[in-house]
Every structure is written in structure tokens, then in C-alpha cells.
Amino acid sequence: MIGRPFSVAAVGGLQEGVEKYIETIHNELKQSMVLTGTASLKAVSRSIITYRT
């Protein structure tokens, strides 16, 4: 689900665009982990992951 935004970042912003997108994903992951009280990626369990159909 993140492949298309990477392609857009690469085409629109070249290396800088991809680096910025990776930074954005990193920040969003950190924020999500704080909001769920998760201290590490190993601590992420299926019980806190929501699937949309």
C-alpha cells in the first residue's frame, strides 16, 4: 500500500522526494506507536492493528 506513493515521490522529487517520504512514514509510525503505548516494533501485536475491508 505504500508502493505508489514511493513511485510518485521518486518521479516528483527524485532522491530528495523519496527521502522525505521515508521520513514521513517514520514519523507517522513513531506517532502511532506513542498513541498505542508501544515501545518497540517487537511489541506491536495483532490486537492493536486494525484492518479495513
Based on a Kirkwood Rh over C-alpha pairs, give the Stokes-Einstein translational diffusion coefficient of the chain at 20 °C and viscosity 1.002 mPa s in µm²/s. 170
Quick one: Karplus J couplings for region 18-35, per residue in order, coefficients 6.51, -1.76, 1.60, θ = phi - 60°, nearest Hz, x for Gly and Pro? 5, 4, 5, 5, 4, 4, 5, 4, 4, 5, 5, 5, 4, 5, 4, 5, 5, 5
Taking loop as defined by DSSP and a crowding limit of 10 other beta carbons within 10 Å, which trypsin sites (Lys or Arg not before Pro) in the chain fit? ARG52
Of SER47, SER7, SER32, which is farthest towards the positive pole of the chain's charge dipole, taken about the Cα centre with +1 and -1 on the beta-carbons of Lys, Arg and Asp, Glu respectively? SER47
At what distance in nm do the modelled label points of GLU28 and LEU41 sit from each other, each positioned 7 Å from its Cα along Cα→Cβ? 1.6
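FYI, it's all coordinate maths here, none of it is from the lab. Remember, predicted model here, so these are calculated numbers, not experimental data. Please note: Cβ atoms are built from the backbone with ideal geometry, for glycine as well, and neighbour counts cover all protein chains shown.
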